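Written out below as structure tokens is the structure these notes cover.
The values are calculated or read from the model by the stated rules, or taken from the named source; none is laboratory data. As the structure is a computational prediction, the values presented were derived from the model and not from experiment. All Cβ positions, glycine included, derive from the backbone under ideal geometry; neighbour counts span all protein chains shown. Each accessible area value is taken on the protein alone, full model and side chains, heavy atoms only, with ligands, DNA and RNA left out. Shrake-Rupley method; radii C 1.70, N 1.55, O 1.52, S 1.80 Å.
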Amino acid sequence: MRLSSRPVLIGLPYLWLLLLFLVPFGIVLKISLSDVAIAIPPYVPVLDPSEGWAGITGFLSQLDFENYVWLTQDDLYWKAYLSSVRIAAISTALTLLVGFPLAYAMARAPEQWRPSLLMLVILPFWTSFLIRVYAWIGILSNEGFLNQALMGIGLIDAPLTILNTNAAVYIGIVYTYLPFMVLPIYATLEKMDGSLLEAAEDLGCTRLQAFWAVTVPLSRPGVIAGCFLVFIPALGEFVIPSLLGGSDTLMIGKVLWEEFFSNRDWPVASAVAIVLLLILVVPIVLFQRNQERSA
Amino acid sequence: MRRLSAFNVVSLTFGFAFLYIPMLILVVYSFNASRLVTVWGGFSTRWYGELVRNEAFLEAAWVTLKVGLISSTIATVLGTMAAIAMVRGGRFMGRTLFSGMIYAPLVMPEVITGLSLLLLFISIGLERGVMTIVLAHATFSMCYVSVVVSSRLASFDVSLEEAARDLGCTGWDAFRSVTLPIIAPAVVSGWLLAFTLSLDDLVIASFTAGPAATTLPIRIFSSVRLGVSPEINALSTIIIALVATGVIAASLTTKRAILRRQAEERAAA
């Protein structure tokens, strides 16, 4: 585009993102190398430009990796990272288990139903995330609807403890991220040529064999995309573990929050954030590769 | 058309029951007369009354609305500009960094975005309040807007714009009379997405709000931490109703627009 306004067009959003995305990120990096202090702001050193060059070198010499060493020494942190990865992975697998049959059935539904079904999947996504998580508190608590129902039909005698356990976190993640799994799988299944299945059956496959030989490989890009779209945000999740999880549910988003708001240890909170990002780089790069290959 | 197999019918029923029953329970129990949230005590609209009289919630709702309207408008303008720069901007210095900065916030955990913006606001001495939440929300939602708009921009024919310029339009005229109408639906859905993201956000707002301003999600979160309450059920019902109406209305409007375009195309052919 040869608009005369081209410099503004590129420059304004560029500058905005530099100032409000890249610079803040640099600040986190810098504070993660600082030491905690009882002061305002609660860390040292603080760069004082009025001291000139000596101030800058003095400032740089005070930065160290102490907080990162601390993260490896206190087992709370690496346990929290491991536990976040485990919770995110288990929830992703469960979401796939619930999401695949739903996406499959939607793609097999009569064509005139599909737009409405699609909207029914998207609608919850527009509804407040917080409210959807909150809804499960009333269902999963000891005197909640699930326990009432199970005791009502005589399946259990005493209420199950689900709320404030990891199980509740899994349910919460599956529930809130289900649309992210269903939509990409539906997109690949919908494009699939139905005659391929018929061909497989004509060649002697049973229904189930045809499903494994044709449908599953063809839906792979959608399945992989869906898994990443659930796994990546689940890893840094804060709201679900803090509302549905228990005190022993360790997730790194929650640890970061508490480090910052309760302990007021900004340098350690910043170091936790940097390490979380480094862990996230792996799935993000893999996801990008997958998207490029399937495009 | 093959009929749906029993397995598929079960999958659909189970899937949609799972998605909708929790919300249905919220809605039904918001009309519960009892304060005990899991015991039905008869029909009542009492909690809606309490909600309307709750100053703290009204105040927070107003802040949320203000933040949502301002931040989504800024995000739409900046995001659309960024999308045009990416798709039509050609080569420019630091293009890779630019596209990285547009995509990174989409996958960045909210706790990190919130933390980093808070540290920025503190280090430049900006007092936290409505303004800082607006800045934070505009920043992450402009990236969503940019993705939505650029996918639309990438799919339309550049030669239309070139034709307009050949016919004597200046660059700006060609943009206004050709490009803008074509990308308008994407810009509108980008704005809606930005607005919803802003209304919904708890984590980033908690970091950037400070004691001076409280948004509705912050208020809901602090009350929900103490357990289920019927006022929150009533509030949730209102939000669910508003969202459902909005989404259904939006999809009907787009559907009608598509039908009208098809009719026009048939008439022209």
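For this structure, a couple of remarks:
- Per the Debye formula on identical point scatterers at the alpha carbon atoms of the protein assembly as shown, with no solvent, log10 I(q)/I(0) at q = 0.05, 0.11, 0.13 Å⁻¹ is -0.24, -1.17, -1.53.
- Dipole axis of region B:137-269 (+1 Lys, Arg; -1 Asp, Glu on Cβ), positive-most option in B:Leu202, B:Gly171, B:Val147: B:Leu202
- Relative contact order (%) - chain A, alpha-carbon pairs under 8 angstrom, separation at least six: 26
- Area buried, chain B against chain A - accessible surface, total, 1.4 angstrom probe, square angstrom: 7700
- Dipole moment magnitude, nearest 20 debye, region B:54-268 about Cα centre, only Lys, Arg, Asp, Glu C-beta charged: 320
- Estimated [θ] at 222 nm from DSSP helical runs (n ≥ 4, -39500 (n - 2.57)) normalised by residues in chain B, nearest 500: -26000 deg cm²/dmol
- Rounded to the nearest 20 debye, the dipole magnitude of region A:75-163 is 280 debye, with +1 charges on Lys and Arg beta carbons, -1 on Asp and Glu beta carbons, and the Cα centre as origin.
- Global form of region A:182-295, assessed from the alpha-carbon gyration tensor, a/c cut-off 1.5: prolate
- With the helix formula -39500 (n - 2.57) applied to DSSP H stretches of n ≥ 4, chain A reaches a computed 222 nm mean residue ellipticity of -23000 deg cm²/dmol.
- Evaluated at q = 0.13, 0.17, 0.24 Å⁻¹, the base-10 log of the normalised Debye intensity for region B:152-254, with identical point scatterers placed on the Cα atoms, takes the values -0.70, -0.89, -1.24.
- Solvent-accessible surface of protein heavy atoms, probed at 1.4 angstrom with all chains present, puts A:Phe145, B:Phe14 in the order B:Phe14, A:Phe145, largest first.
- Region A:215-236 and region B:29-93 have Cα centres separated by 29 Å.
- Computed magnitude of the charge dipole of the protein assembly as shown (debye, nearest 20; Cβ of K, R +1, Cβ of D, E -1): 1440
- All alpha carbon pair distances within region B:84-220 were sorted into 10 Å bins beginning at 0; the resulting P(r) in whole percents reads 11, 33, 28, 18, 9, 1.
- Where the Cα pairs of region A:93-198 fall when distances are cut into 5 Å bins, in %: 2, 11, 17, 17, 15, 14, 11, 7, 4, 2, 0
- Whether region B:216-256 is rounded, prolate or oblate, judged on the alpha carbon gyration tensor where a/c under 1.5 counts as rounded: prolate
- Converting the Cα gyration tensor eigenvalues of region A:67-294 into ellipsoid dimensions via √(5λ) gives semi-axes, longest first, of 36, 25, 15 Å.
- Protection proxy ranking, peptides B:204-214, B:96-106, average beta carbon neighbours within 10 Å, highest first: B:204-214, B:96-106
- For region A:177-243, the Kirkwood estimate of hydrodynamic radius, built from reciprocal distances between every pair of different alpha carbons, is 13.6 Å.
- Counts of other chain beta carbons within 10 angstrom of each beta carbon in peptide A:98-106 average 5.
- Using a probe of 1.4 Å, the accessible surface attributed to B:Met86 totals some 40 Å² when neighbouring protein chains are kept in position.
- Distant-in-sequence amide contacts of A:Tyr43, defined by a placed amide H-H separation under 5 Å and a gap of 5 or more residues or a different chain, comprise A:Ala37.
- Using heavy atoms of the protein chains and a probe of 1.4 Å, the accessible area assigned to B:Leu252 is about 90 Å².
- Carbon + sulfur, % of accessible area of the protein assembly as shown - ligands and nucleic acids excluded, 1.4 Å: 67
- Ranked order, B:Lys66, A:Lys79, A:Lys254, A:Lys30 - accessible area, probe 1.4 Å, largest first: A:Lys79, B:Lys66, A:Lys30, A:Lys254
- Kirkwood radius and radius of gyration were both taken over the C-alpha atoms of region B:1-76, and their ratio Rg/Rh is 1.22.
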